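Okay, so here's the structure we're looking at.
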Amino acid sequence: MQVRGKVAKRFGDDINTDYIIPAYTLQESWDKQFFADHAFESYDPSFKAAARANKESIVVAYNNFGCGSSREQAVYAIKYNNVVAVVAQSFPDIFYRNCLNNGLLPIQVEDTSKLAQGDELLIDLDSRTLTDVTKGSSHRIIATDVAIEQMKRGGFLGLVRERLRQKLKAQPQRAS
Amino acid sequence: MPSTITEKIVSRAMGRKVKAGELIEALPVDKIYFNEVIGPPAILNFQKDFQDVYTESGKRVQVFNPARVAFMPDHTVPSCSIMVSQGIKMMADFAKQQGIQMYKEGDGIEHTIASEEAFVLPGEIAVATDSHTCTQGALGALAFGIGTTEAENLLATGELYSFYVPDTMRFEVSGKFQKGVYSKDLVLHVLGTMGEGGCSKNVAEYTGPTIDSLDMEGRFTICNLSVEMSARTAIINPDDTTMRYVGEALARRKAKMTDDVRGMIARSDKDAAFSRVVKVDASQVEPTVSLPHSPANAKPVSQVSDPISVVFLGSCANAREADLTVAAKILKGRKVSPSTNLIVIPASRRVYNWAMDNGLLKIFADAGANIESSNCGPCFGKHMGILAPGDRCLSTSNRNYKGRMGSPEAFIYLGSPAVAAATAVEGRIADPRKYL
């Protein structure tokens, strides 16, 4: 499976989820698109226009992207601005899992320093290679087999529904 | 083979021995709690994504086990907007329909209630829709934050999928605290050493004579802030202090310490495998503050004297009895600086009432503080003390990110309740030692 996109934004280390989506927005909607409209609005108001300028955008960062609060709205805020992947040198667990659950690809590579704004990137999940098409360089994607599988599926919902079906079947019928 | 407490807790849940690094396909979770930030969308998604599965199976919609679920509205309560009120109402309706315990607005901050009410017990696996769920690690539980989707899945099946048993970084803390030094200073110092990503993928396990000597309040603070170095969670091996606390918490809900509860306790083996051992000399730690805009930007308070316009004494990090006690000791008979606004928010209704019965609220009120009913307060940046551009705030909470408590042009400093009280008196960051 391959995913393409253009680097729309570059960030440094330790971008926390408060920066991605400010807390005052979180309780004000249950619609995922709402959070895209407020993405990075306090931290980097230019993000939205930059991400929406491409049909498929990619965000690049250094270390520990998505640290802090567990708010899943941070993933919606990025994804629903045409972003298909975040490429970083490391991710904390909660954010990484929230990405996997929502079909936003969290792509870990050893060194993101050469991936420049405007570069065209090609992510190949099968060969686990990130290619900077503009520069002609390639990077190994660091991920477990399970994470790759989840990235391809775009989440686990199908699996959880099947699991619930099995559990309900195993329960004794109850009069309702 | 020797094991860490984390490995032992997961092994107990799985009914077989597991090791760090191992992939668990479906991890059964003992407890899950929700705040009003993520509760409403999780309920909506749960109904949307699973309703038809229940219908096809000829069952009515029923969460996996209502006794293992709790709802704790706490972030911006009493409700600060129509949407928040609607969300809380949705939670209350769903709780009633499903038989889930729903706490009231003002009962307390979720992580405080979860331990005070013995909702989470030692040795359990507990999750909640908030990164500071790691606070429960002080009980010797394996507890961590999850997102909305994992929470809705859990409501359906009680399981967490594709869970990797985490490695453990062990922090061995020895040495006696200097006067005016508390667990907050210790953990800010640790964050300063480790950096915001320093404990990523690892459980931070705290041990050693200093940790042994701490009361539960001090332990909760340390575990609470460990997520600021991106720890998967934090944990402290249960001991007599833990079990005394849990016994009192159980009594509050008219339950008793039983062999079942005791049987859940796990402790790391001495020769368990740790990814790294970090030695910390607590006697070298000074009263510490973290400067804007990172919790890991720690400096001794003696090197800082910036003017402060807002002091917040509250949050899931530092608003329990011991925290209010030390602040009251400093504020007794003194006045808050004319240039500073002091906001005091006890961590739970129980702590609030205790502070009232013991005269602490009067001390705060006489000093000129604003005292609010229990909730997350300005730490969530949505009500009860939003910062203006140029404001400088000293907060006993856990995050001083740019914009966290209001304007991105405000400056937030983190410190202990003692530093907060001394700072409120002087109107600038102040060393608490001269007041103790």
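Go over the candidates B:D30, B:D93, B:D74 one by one and state the one that is assigned by TED's automatic domain parsing to the domain that holds B:C134 and farther than 30 Å from B:E372 by Cβ. Explain how you work it out, then say what you get.
Numbers: B:D93 fails: farther than 30 Å from B:E372 by Cβ; B:D74 fails: farther than 30 Å from B:E372 by Cβ.
None of the other options fit; the residue is B:D30.
Only one residue in B:A422, B:A418, B:A367 is more than 10 Å from chain A (Cβ to nearest Cβ) and more than 24 Å from the chain's Cα centre (by Cα), so which one is that?
Numbers: B:A422 fails: more than 24 Å from the chain's Cα centre (by Cα); B:A418 fails: more than 24 Å from the chain's Cα centre (by Cα).
On inspection, the qualifying residue turns out to be B:A367.
A quick yes/no check of all residues on (1) part of a strand (DSSP E or B); (2) of a type in the set (A, V, I, L, M); (3) within 12 Å of the chain's Cα centre (by Cα); (4) over 12 Å from B:G39 (Cα atoms):
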position	(1), (2), (3), (4)
B:S79	no, no, no, yes
B:K89	no, no, no, no
B:A95	no, yes, no, no
B:T112	no, no, yes, yes
B:G123	no, no, no, yes
B:A143	yes, yes, yes, yes
B:E152	no, no, no, no
B:A156	no, yes, no, yes
B:L160	yes, yes, no, yes
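Take the range A:18-57 and flag every residue that is part of a helix (DSSP H, G or I), over 30 Å from B:G198 (Cβ atoms), within 11 Å of chain B (Cβ to nearest Cβ) and not charged (D, E, K, R). Let's see the steps before the verdict.
Quick first cut of the range A:18-57, residues part of a helix (DSSP H, G or I) only: A:18-20, A:23-26, A:32-37, A:47-52.
Narrowing the set further to residues that are over 30 Å from B:G198 (Cβ atoms) leaves A:32-34, A:36-37, A:48-50, A:52.
Pick out the ones that are also within 11 Å of chain B (Cβ to nearest Cβ) and you get A:32, A:34.
The one that is part of a helix (DSSP H, G or I), over 30 Å from B:G198 (Cβ atoms), within 11 Å of chain B (Cβ to nearest Cβ) and not charged (D, E, K, R): A:F34.
Scanning the range A:58-84 for residues that are in contact with a strand residue (DSSP E or B) (Cβ under 6 Å, 6 or more places away or on another chain) and surrounded by fewer than 24 Cβ atoms within 10 Å (Cβ to Cβ), which turns out farthest from the other protein chains (Cβ to nearest Cβ)? It would help to see each step written out before you state the result.
The initial filter retains those residues of the range A:58-84 that are in contact with a strand residue (DSSP E or B) (Cβ under 6 Å, 6 or more places away or on another chain), namely A:58-61, A:65, A:67-68, A:70, A:82-84.
If we keep only those that are surrounded by fewer than 24 Cβ atoms within 10 Å (Cβ to Cβ) as well, we get A:61, A:82, A:84.
Working: A:A61: 12, A:N82: 21, A:V84: 18 Å.
Looking at the filtered set, the residue picked out is A:N82.
Quick test for you: out of B:A141, B:A156, pick the one residue that is surrounded by fewer than 24 Cβ atoms within 10 Å (Cβ to Cβ) and small (G, A, S).
Values: B:A141 fails: surrounded by fewer than 24 Cβ atoms within 10 Å (Cβ to Cβ).
Step by step, each of B:A141, B:A156 is checked, and only B:A156 is surrounded by fewer than 24 Cβ atoms within 10 Å (Cβ to Cβ) and small (G, A, S).
Out of all the residues in the range B:1-23, which are within 13 Å of chain A (Cβ to nearest Cβ) and in a loop (DSSP other than H, G, I, E, B)?
Result: B:G21, B:E22.
I want to confirm something. Restricting to the range A:133-176 and keeping residues that are at the interface with another protein chain (Cβ under 9 Å from one of its Cβ atoms), touching a Ser or Thr at 6+ places or on another chain (Cβ under 8 Å) and charged (D, E, K, R), which single residue is nearest to A:Y96 (Cα to Cα)?
That would be A:R163.
For residues that are in contact with a strand residue (DSSP E or B) (Cβ under 6 Å, 6 or more places away or on another chain) and not in a helix (DSSP H, G or I), scanning just the range B:197-228, find the one that is surrounded by the fewest Cβ atoms within 10 Å (Cβ to Cβ).
By that ranking, first place goes to B:G208.
I'd like to check which helices (runs of 4 or more DSSP H) are fully inside the range B:333-436 and have at least 1 residues that are in the same structural domain as B:V304 (by TED's automatic domain parsing) and among the polar types (S, T, N, Q). Show your work before the answer.
Details: elements: B:349-357, B:360-367, B:417-426.
Correct list: B:349-357, B:417-426.
Would you confirm whether any residue within the range B:88-100 is farther than 20 Å from B:L142 by Cα and touching a residue at least 60 places away in the same chain (Cβ under 8 Å)? Step through it out loud before you land on a result.
Of all residues in the range B:88-100, those farther than 20 Å from B:L142 by Cα come to B:88-100.
Filter again for touching a residue at least 60 places away in the same chain (Cβ under 8 Å), leaving none.
No, the conditions are met nowhere in the range B:88-100.
Considering only residues of the range B:231-254 that are modelled with pLDDT under 95 and assigned to a loop (DSSP other than H, G, I, E, B), which is surrounded by the most Cβ atoms within 10 Å (Cβ to Cβ)? Talk me through it step by step, then tell me what you get.
Within the range B:231-254, the first condition is being modelled with pLDDT under 95, and the residues that meet it are B:252-254.
Retained after the next criterion (residues that are assigned to a loop (DSSP other than H, G, I, E, B)): B:253-254.
Working: B:R253: 10, B:K254: 6.
The selected residue is B:R253.
Restricting the search to the range A:25-46, which residues are farther than 22 Å from B:S85 by Cβ and small (G, A, S)? It would help to see each step written out before you state the result.
At the first step, the residues of the range A:25-46 found to be farther than 22 Å from B:S85 by Cβ are A:33, A:36-37, A:39-46.
Once the filter is applied, which keeps residues that are farther than 22 Å from B:S85 by Cβ and small (G, A, S), the range A:25-46 yields A:A36, A:A39, A:S42, A:S46.
Looking at B:S339 and the list (1) touching a helix residue (DSSP H, G or I) at 6+ places or on another chain (Cβ under 8 Å); (2) over 30 Å from A:Q27 (Cα atoms); (3) of a type in the set (S, T, Y), which single condition is not satisfied?
(1)
Among the residues of the range B:24-37, are any assigned to a helix (DSSP H, G or I), touching a residue at least 24 places away in the same chain (Cβ under 8 Å) and buried (at least 22 other Cβ atoms within 10 Å of the Cβ)? Explain how you work it out, then say what you get.
Taking the range B:24-37 as the starting set, the residues that turn out to be assigned to a helix (DSSP H, G or I) are none.
Checked against the condition, which is being assigned to a helix (DSSP H, G or I), touching a residue at least 24 places away in the same chain (Cβ under 8 Å) and buried (at least 22 other Cβ atoms within 10 Å of the Cβ), the range B:24-37 yields no hits at all.
The values are calculated or read from the model by the stated rules, or taken from the named source; none is laboratory data. Just so it is clear, the model here is predicted, and its values are computed rather than measured. Please note: Cβ atoms are built from the backbone with ideal geometry, for glycine as well, and neighbour counts cover all protein chains shown.
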